[in-house]
Every structure is written in structure tokens, then in C-alpha cells.
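Here's the structure, in C-alpha cells; my notes come after.
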Amino acid sequence: MRYVSFLLLLFLLHNVSAQETDSLVIRQIDSLILVSRALTGQQDFAQAMEVNAVAERLALETFGPESSAYGSCAFNRGRVNHIQGNNPVAEKYYLQSKEIREKNLGREHPDYAQSLYNLAILYWNLGDYEKAGASFLESKEIREKVLGKEHPDYASSLNNLAANYYTMGNFEKAEPLYYEALAIKEKVLGKEHPDYAGNLNNIAVLYEAMSNYKKAEPLYIEALDIQEKLTGKEDSDYARSLGNLANLYWRMGNYKKAEPLYYEAKAIYEIIEGKEHRDYSIILNNLAVLYIKTGNFKKAELFCIEAISIGKKVLGKEHADYAKSLFNFASLYNDMGNYEKAEPLYLEAIAIQEKVLGAAHPDYAISLNDLARLYEIQNRISASEPLLKEVFTISQTRLVNATSFLSELELAKYASAFQHSGADLSAFLLARQAGSGVTGILPSLAYNNALFYKGFLLTAVSRLNSHVLASPETVEINLLLKGYRRRLAAEYSKPIAERKGITELEEKANLTEKELARTIAGYSEAMKQVNWQDVQTALPETAIALEFVHFLVNFPKETDSVHYAALLLGPGMTQPLFIPLFEEKELDFLLDGDKERKSDYVNELYAWADRGLVEKGGENKSLYELIWAKIQAQLPEGIKTIYYSPSGVLHRLNLGAIAVDDEIILSDQYNLVALNSTRQLVIPATVAVKSNDALLVGGVNFDIETTLPELEDQPLLASRSISSTWSEAGTRGSSWS
């Protein structure tokens, strides 16, 4: 209260003097705002608000509610609320200050640009990246015109506009803006400045997201060196930079380089913050994951035990980090084959995650999937299948929503990661058939997985996106939907207790999607999810559907074997039939034949004389025997038409040309219809977009190799800190993506 009493006294003294000029009052208001900002920096928000209220009363009584002086007070009130996390109140006062400044100062004034800039930061924090981008862009253009291209504020606008593009997945637009900001900061501020180091870190984060680890590494190292010069090694920001670099090496698979960096960060946190701190616990978890990955189970166990002990004491047993520690411990025992110890840890982690994060959270799904894998190892089919079904539902729902806002690069990564989960289902099926022979409901899940992956993610989404861009009206509606879905995704990634505005956002997203469906012909059909029963209903009586799948055999042990199988679906079947076929290497000789003439290759591949013979263990097998014989044995009588969707190397083969004997090929026996996905039997490919354009492509890699790290192996501390300057005094903040 000392600040307020003193300032009120000044206020009264100044009001006693009738000769006081407007300029003195303005200086007094500015001084009050500076004191309020200082108190805000000390986290004394109540005093900061009281001081700002004094400034507001002075501005209102002297100049009125539409004055520039009051606009500055409104801006500061918005800023204090913003830092406190009172976002709706902050937005209200930011918008008020923006309106006042536009009216009094015009749109080409630094103060108006600052209102835009802080408003953009607020929208960015809220996950409304479309609004944030528009405000960042406008503030950048004003600063460029008014302040020039060599001003730190212009560089900050570039940096944060780039960060917004990065967050939206538009890496191509982010990269040049980051480098332009970096060049300005180097020239104006020098290389040994925290903003320059923050900019280096941002570019490194960008390259890491692009899986360009070689470019990210030197940038992280340079930022770390600058951080050391600025703060020394005994600093939490320096320790965090060490963690970022260690996480990069972890993703690169260079565990030897990651290990000492984690230890150095651990030592710093222990000195500065002590062992009973979240940062210290996170490093322990990261080391535990590293040792699990490298098979050093003894060290991993020690770190797991310590992390759980600290997490329980510091965070409590109902915290997401504590659940992650339990999950890591369960994963360790799972890898060690100690399933009796692993199961209760998984169950405890899942119970906490469901309560704290919710059943839609990816961490919850990951834990369910790992527990299901444990049950599969124990052949506890009745326990594993409900979990696998729930995991599929959660993952599918998240990806359907994400298709509205993910970039093509992001979507490709997540689609490939989703396909890996489908590969797990096939690996489980292969193991079951080799053991008990009981398949359960897994063929149904595997077929639905293939429909979603090949039919929706890889086909329908691309057509849908092209149709959305058909008119300015649909583009605008789609931008709104993207914003709502992104904000929802950001909220759902938080613990349940920290989520805000979910119901309102869901309602807005649903209404916007309905409007898009009314505007775009075929939108509803393109977004519709199809299951195996829908495909079965669409089949003629004399037809069957085949979904070919290929998968890495990673169960019950990791291997380098890629196996192919078919999921056969016919009328009247209670569920699809899983048919194991061959290993990919069995076709290597055929498909990679080194012939002088292409015709020689084709002739040998399909001609009956050689029957496409493949050597395997001293035996010769034909294409027919490898690919079709097992399918043929399961075909119902009277089948005339076969709709099939190839996978992997099968895209390179003409099934119809495969020789059955010296006179007949498959196309003589059946009407073979190739589809991208058997989903097209329910929703034709032409529904999503009505166009006469054709695209002919050769040499396509239909099965994208994911660069997205396996989620369950992720370090607990993510290396995704985006440094941003967001106040007129240059206060530096960071956002973890």
C-alpha cells in the first residue's frame, strides 16, 4: 500500500494546482503506468491494478474516456490481466486500447502497432492462430513503415509472425521470417544478446520439427554457448537449453551425446532448485527413458524410483507428470519381462490420466495401448481387445478433428504414426494365428484401421482440402473451423482442471462445420467414417473386398521383417478374415531384377515359363503361390468380382496378370477392380470433389516412412520452447508447444 498512498498524495497535490498543464498530467500518468509495470514484474498484481486504477481516474477526469492517455491505461490493464492469465478481460482492454489509439493516433503509429502486437500474443496463447497471424502481420507492416527494418520491434514482429506460422505447421513461411529477424538482431543487438539466442533456438526448433536434425544441432549449440556467456552455467535457462539439445540427440538416436547433457542439466537443477522440484524430476524421467531405450535396465530402474518418489511428494499422486513416471516404470518392467510388476503401474497411470487428462488425451491412449500389448504377450485376449478398440476410437476421433487444421506435412506424419498402430494390430494377429489361432475382433479393427488410413487420411482429406479452396466464401468458413479446432486441440492437451471454454468452442466448431457442409457439395460424405460393415453392405452378392496390409513384425519381439497379409470381406461373413501371405524380402529378387531390357523383366515376372519363381530356402515359389494361393483357398463359391486395395510393393504389381497355370491368368477368372481403398465402395472417390482434372504420377512412395518419434518414447521435457518478445519493454516470454 506504500506505493498507492504515495501516488494518491501526488495525485491530490497535482489536482490542487490549477496551473498544472496537460503535459505534466500525461507525464504523471506515464509514471504511474511504469510503477504498475514494475509491480507486475514482481508478480504483485493487486498493487499493479491499484496503481493503474489511479492512472485511469486521472486520465478519465482530465482527458476523457476516448483520450490517448486513457488508451495507455487500458492497454496496461489488459497487459496485467494477460500476464495473470485472465484472457477474456485482457482481450477486452487490448481491443479498447486499439480502438482508442486508432482514433487518436491513426493506424500508422507505434502505439497502435503495439496494441495489435500484444493482442496477437494473446490470441496465440489462446490457440486462435488465424486471428494471431492477422494481428502479427498488420503490426509488422506498420513497424516496417514507421520504425524501419532495422528496429528491434520490427524484428520481434518478424519472429512472432514466424512462430505463428510454425505453430500452424506452415514451416515454409516461418523459415525466411526467422532468418530475417535473426539478421536484424545480430546487427542491432549483437550476437551476445538473449533475443538473438532466443531466435537461434526458434530456428533450431523449426528444423527439429522438420526432422532436419543436422541443421538444428549447430543452432542449439550456438544458442547454448550464448546462454552460458550471458548467465553462466548455474542458471535454470541454461539447464533448459541443455535439455533441449539433449532431447534433439535423443531423437537423432545419439544417446551417447544426450546422456552427459541430461546429467549436466540435472546437476544444475539440483544446485539451483533442489531435488524436490519439477524440473529435476523431469530430467530424471528423461534419463530413465534413455536407459530403457538403450537396455540399461538397472540404471533406468534407479531413476524411475527416484522420479516417482519426488513426483509423489512435489506434485502429488494426481498429476500428469507423476502418471508419466509411473508409465515409464511400467514400460521398464514390461521390457524386462516382469509383467506382474508392470501391470499395476500401468493401471495406476491410466487411472490418473483418465481423471486428470481425460479419456481423449493422447497420453491416455498410449498407456492403454501399452497395457494391451502386455495382455497380448500374456495371451489375455479378452483383456486386450477392449483396450485396443478404445485406442482406435480415440486416435481416429483426434485425427478426424485434426484434419481441419493440420498442415499437409503434419498430417502426413500423424497419418504414418496412426498406420504404425494398425501395423501393431496385424502383428498381434500374426502372432495369434501362429499360437492359439484365435483372432477375436482384431480382424475387424484391422480392416477399419485400413479404411481410415488409406480411405480417409490419404485420399478423402486431400480431395476435401482442394474443394474447400474452391471459393473465397468456403476458404473463410474453413479458416474459422481451423481456428476452433486448433483451440480445442490446445485445450484438450491440458489437464481437465486447466481447460477453458470447451463447451463454447465445441458448439462453434460444430455450427461452423455444418455451415461448411451446407456450402460444399459432398463435404458430409467426404467426412463420413466408414467401417467394415458398411463395405460389406455395399458389396454385390458375387463380389468380395480385399484390403492388403503390410507391417513390420514387432511382436512378440522386434524384428526387421516386413510381412504382407490380406483382409478378406465377403457377403454374410461375421467379420473380415485375416490371411497372412508372405515376407517382403521374398519379392525382392523379382521386383529389383537387373535386366538389360525392361521387357525381359516383365516377361520373367508374369510369364508362365518361369512362373515368377522366387527362391526361398531352396524352394521355388511363384507369384501366384506367394500372393494368391492362400486367398484363393478362402474365396466363397460364385465370386466373380474382387475389389482390392493394394499396399506397399503390391502397388508395383498387376494382380490380373499373375499366371494361374500355363493358360490362365487371374483376370481370366475374376473381374479385378483396384481401388485406393475399399471405402470407395461406400463413398466413391468422385464425391469429395467434382472435377475433370486428372493427375498422372509415377514412382510414388505410397507408404510414407514416418519421421514422428514414437510417442511412448518421448522425453518428458519437450524441446519445443518458442521464444517471443511480447511487451513494449521487451519482456521475454516462452510458450511450450
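The values are calculated or read from the model by the stated rules, or taken from the named source; none is laboratory data. For clarity, every value in this text was computed on a predicted model and none was experimentally measured. Neighbour counts are summed over all protein chains in view; Cβ atoms, including those assigned to glycine, are modelled from backbone coordinates with ideal geometry. Surface areas here come from the heavy atoms of the whole protein model, side chains and all, with no ligands, DNA or RNA. Shrake-Rupley method; radii C 1.70, N 1.55, O 1.52, S 1.80 Å.
Here are a few things to note about the model shown:
- Accessible-area value, Ile221, 1.4 Å probe, nucleic acids and ligands omitted, Å²: 60 Å²
- Evaluated over segment 211-271, the Cα radius of gyration and Dmax, each in Å: 11.2, 34
- Separation of the Leu137 and Ala629 label points, Cα + 7 Å toward Cβ, nm: 6.2 nm
- Oblate is the label for segment 183-234, because the ratio a/c of its alpha-carbon gyration tensor axes (a ≥ b ≥ c) is 1.5 or higher and a/b is not greater than b/c.
- Approximating the spin labels as points 7 Å out from Cα along Cα→Cβ, the Ala383-to-Gln43 distance works out to 4.5 nm.
- The label-point distance for Glu504 and Lys256, in a model that sets each label 7 Å from Cα toward Cβ, rounds to 5.5 nm.
- Kirkwood hydrodynamic radius (C-alpha pairs) into Stokes-Einstein, segment 38-189, 4 °C and 1.567 mPa s, D in µm²/s: 80 µm²/s
- HN-Hα J in Hz across segment 425-430 - Karplus 6.51, -1.76, 1.60, θ = phi - 60°, x for Gly and Pro: 4, 5, 5, 4, 4, 4
- Taking amide H positions as modeled 1.01 Å from N, with prolines and chain starts lacking one, the residues under 5 Å from Phe548 and 5 or more places away or on another chain are Leu567, Ser645.
- Sequentially through segment 28-35, phi angles give Karplus couplings (6.51, -1.76, 1.60; θ = phi - 60°) of 5, 4, 4, 5, 4, 5, 5, 5 Hz, Gly and Pro residues having no value and appearing as x.
- Taking only the Cα atoms of segment 60-123, the ratio Rg/Rh comes out at 0.97, with Rh defined as the Kirkwood radius.
- When the pairs Lys98/Lys500; Lys256/Lys355; Lys92/Lys229; Lys324/Lys514 are compared against a 31 Å limit on Cα-Cα distance, Lys256/Lys355; Lys92/Lys229; Lys324/Lys514 fall above it.
- In this structure Lys293 has an accessible area near 100 Å², from a 1.4 Å probe over the protein heavy atoms.
- Span from the segment 308-377 Cα centroid across to the segment 84-143 one, whole angstrom: 42 Å
- Annotation: extensible slack from His420 through Lys494 equals 24.1 nm (criterion: 0.36 nm per residue apart, minus Cα-Cα distance).
- Overall form of segment 167-262: oblate. Here a/c, set by the Cα gyration tensor axes a ≥ b ≥ c, is 1.5 or more, and a/b is not larger than b/c.
- Solvent-accessible surface (1.4 angstrom probe) belonging to Asp335, in square angstrom, nearest 10: 90 Å²
- Protection proxy ranking, highest mean first, for peptides 430-436, 208-214: 208-214, 430-436, where packing is the per-residue count of other beta-carbon atoms within 10 Å, averaged.
- Packing rank of 85-93, 240-248, where each peptide gets the mean count of other beta carbons within 10 Å, highest leading: 240-248, 85-93
- Across segment 337-353, computed HN-Hα scalar couplings (Karplus, 6.51 cos²θ - 1.76 cosθ + 1.60, θ = phi - 60°) run x, 9, 5, 5, 7, 5, 4, x, 5, 4, 4, 5, 4, 5, 4, 5, 5 Hz from first to last residue, x flagging Gly and Pro.
- Amide H contacts under 5 Å for Phe582, placed H, 5+ residues apart: Tyr564
- Rh (Kirkwood; distinct C-alpha pairs) - segment 351-409, Å: 12.4 Å
- Residues with amide H under 5 Å from that of Asn671, placed H, sequence gap 5 or more: Thr641, Ile642
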